[in-house]
Each structure stands twice: as structure tokens, then as C-alpha cells.
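Accompanying notes for the structure given below.
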Amino acid sequence: MELQENNKTPTITCKRCGKCCLSVFVPVTDEDLERWKREGKQEIFRAMEHSKSVWAGDIIISSENGKILFTCPFLRCEGTYYTCTIYEDRPTVCRQYKPGSSELCSQYKKPI
């Protein structure tokens, strides 16, 4: 853990444990969808179709039974680490997430 330059807030390095992606749905904004369309990211839409899941407003659901999916279809296990297969194109909420900022993270520490 290191301190950011202009303040005393620690910067926590992600350990790629996957906990933030394994137990939460990812809201996708209209801006995310438009960005993917504009940039021709058809592989994202094809992957959603192949995984039998669809973006439904702010959740991912199964296109087979309508149940909410709690694991991101773009998360892949690589041995003891997890990888986002669309990291460069990930949704806004994923871009804004900071390691250690929520109880989902294995590095979260309760405020004193």
C-alpha cells in the first residue's frame, strides 16, 4: 500500500481475488452501451448472447429464465487470480471502483 501524492489516502493495489466481481451485479449505463456500439465492441454483445445473459437496465439476467446473475460473464479465473476479459472496455462502475473501498473487497478495513 502506498500513499497518493497529494493526500494521505492510501492507494491499495488490487490482488485480483475476484470478490468484487463474483458476488455483485454490474450496472451498465446507457453511455456504456453507446460507447460499445460506437467503438464497434461487438465481441461484448456476442459474449453476452453466448453466455445466455442480457443487460436489463441496471442488472445482468439470464435470457433463459430471467434470474439475476451474480457473477460477471467477463470474469475469468487464471489459476489463483481473476481477470476481466473486457478490462479496457469495462463498464463505468467497474472503472470507478477502488480496491478496498467496500466490504466486497478482501482488503477492506472498517473505518475506526
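What to note about this one:
- Förster radius 25 Å - calculated FRET efficiency between SER62 and LEU22 (Cβ-Cβ, nearest 0.05): 0.90
- Over 23 Å apart at the Cα level, from the set LYS19/LYS109; LYS19/LYS41; LYS37/LYS67, are LYS19/LYS41; LYS37/LYS67.
- Extension gain (nm, one decimal) between LEU33 and TYR108, 0.36 nm per residue minus Cα-Cα: 24.0 nm
- Projected label distance in nm at THR11 and THR92, using a 7 Å step from Cα toward the beta-carbon: 2.5 nm
- Each label was represented as a point 7 Å from its Cα along the Cα-to-Cβ direction; for GLU43 and CYS84 these points are 1.6 nm apart.
We did not get these values from a lab; they are worked out from the coordinates using the rules stated. In this text the structure is predicted, and so the values were computed from the model without any measurement. No Cβ is skipped: glycine too gets one built from the backbone with ideal geometry, and neighbour counts run over all protein chains shown.
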